[in-house]
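Chemist: Questions regarding the structure given below will be posed in turn.
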Amino acid sequence: MPEVMINGPAGRIEGRYVHGKQPNAPVALFLHPHPHHGGTMNNKVVYTLFHAFGRRGFSTLRFNFRGVGRSQGSYDRGEGELSDAASALDWLQTFNPNASACWIAGHSFGAWIGMQLLMRRPEIDGFISVAPPANSFDFSFLAPCPSSGLIVHGTKDELVPENSVHKLVNKLSHQRDIRIEYKVVDGATHLFSNHVEALDKHVDDYLDNALGSRMAAVAE
C-alpha cells in the first residue's frame, strides 16, 4: 500500500493511498479518532472503511492528523485538524481531477472533522460517520446538512451515549432532501472491538444501495 507524504499547513502529512483501477474512479477520504486517545490512520474502523470503499473501485486515502505518526505539527483542538483534512482532500482531488464522485468517512473525532469538511466542500457526495461524539463536540453547524449519509453507533459505547447520537440523527433526518441511515450495532464499544465485521456489513449494505450497480464491488 503506497505511502504518500502531503504538504499540509503544519508540515508533512503522512498517508496511505491506493489508486482506483477504473478511469475517473471516485475518491474517498478517511479520518481517524482523537490524536490524544491513540487515534491513528491504522485504527481498525478506519482500516475497515478504507477497504470497503477500495473494494468498490474508489481511489482511497487515509492519513495521520498533525502530530500523529510521521505527520508534523501538534494537536490543534480540531481547527488545525480540519485544515489537515482539507489539504488531504485537495491532494486527493489534484491526483484525481476527473473523479466521478467524492466521499468522506470518519470515526469518532474523525467523524466530527469529516462533517465539518462536508459543510465546506460542496463536491462531497456522501459520508459515513462511525461513533460521532455528539455528546462532547458541537454538531450544530450541520444546519442544514448538505449530503445524505450513514451513521453507525454501538450500544455499548462507553464514551458516547447512544441517545446523543440518536438525537443528532433525528435532527439531520428532518432536514429537507436529506436521508440519514442509522445503524446500531448491538454490543459494540466505541472502538468496535470484536464488532468490526458487523460494521463492515452495514457499510457494505449502505454503499451497495447508495452507489448502485454502476460501482459494484470489484475483486480485491
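Each value in this text was obtained by applying a stated rule to the coordinates, not by laboratory testing. Remember, predicted model here, so these are calculated numbers, not experimental data. Cβ sites come from the backbone with ideal geometry, for glycine too, and all protein chains shown count toward neighbours.
Chemist: With charges only on Cβ, +1 for K and R and -1 for D and E, what is the dipole size of region 1-60 about its Cα centre, in debye, rounded to 20?
Modeler: About 200 debye.
Chemist: Which Cα, out of 122, 24, 89, lies furthest along the positive dipole direction of the chain (beta carbon charges, K/R +1, D/E -1)?
Modeler: Final value for the positive-end residue is 24.
Chemist: Between region 22-73 and region 113-132, what's the alpha-carbon centroid distance in Å?
Modeler: 14
Chemist: In debye to the nearest 20, how big a dipole does the chain give about its Cα centre with +1 on each Lys and Arg Cβ and -1 on each Asp and Glu Cβ?
Modeler: 240
Chemist: Restricting to bridges with both residues inside the chain, how much of the DSSP beta-bridge set is antiparallel, in percent to the nearest 5?
Modeler: 30
Chemist: Also: Projected onto the charge dipole of the chain (+1 at Lys/Arg Cβ, -1 at Asp/Glu Cβ, origin at the Cα centre), which of 150, 166, 13 gives the Cα projection farthest towards the positive end?
Modeler: Working it through, the farthest residue towards the positive pole turns out to be 13.
Chemist: Can you give the FRET efficiency for residue 75 and residue 205, using 1/(1 + (r/R0)^6), R0 = 35 Å, r = Cβ-Cβ distance, to the nearest 0.05?
Modeler: About 0.50, to the nearest 0.05.
Chemist: Taking the radius of gyration and the Kirkwood hydrodynamic radius from Cα positions alone, what is the Rg/Rh ratio for the chain, to two decimal places?
Modeler: Here Rg/Rh amounts to 0.93.
Chemist: Let me ask another. Per DSSP H run of at least 4 residues, take -39500 (n - 2.57); add these up for the chain, divide by its residues and hand me the 222 nm value, nearest 500 deg cm²/dmol.
Modeler: Roughly -10000 deg cm²/dmol at 222 nm, from the helical runs in the chain.
Chemist: If the limit is 24 Å between Cα atoms, which of 21/183; 44/167; 44/183 go over it?
Modeler: 21/183; 44/167
Chemist: Additional query: For region 121-220, take the alpha-carbon Rg, divide it by the Kirkwood Rh, and send me Rg/Rh.
Modeler: 0.98
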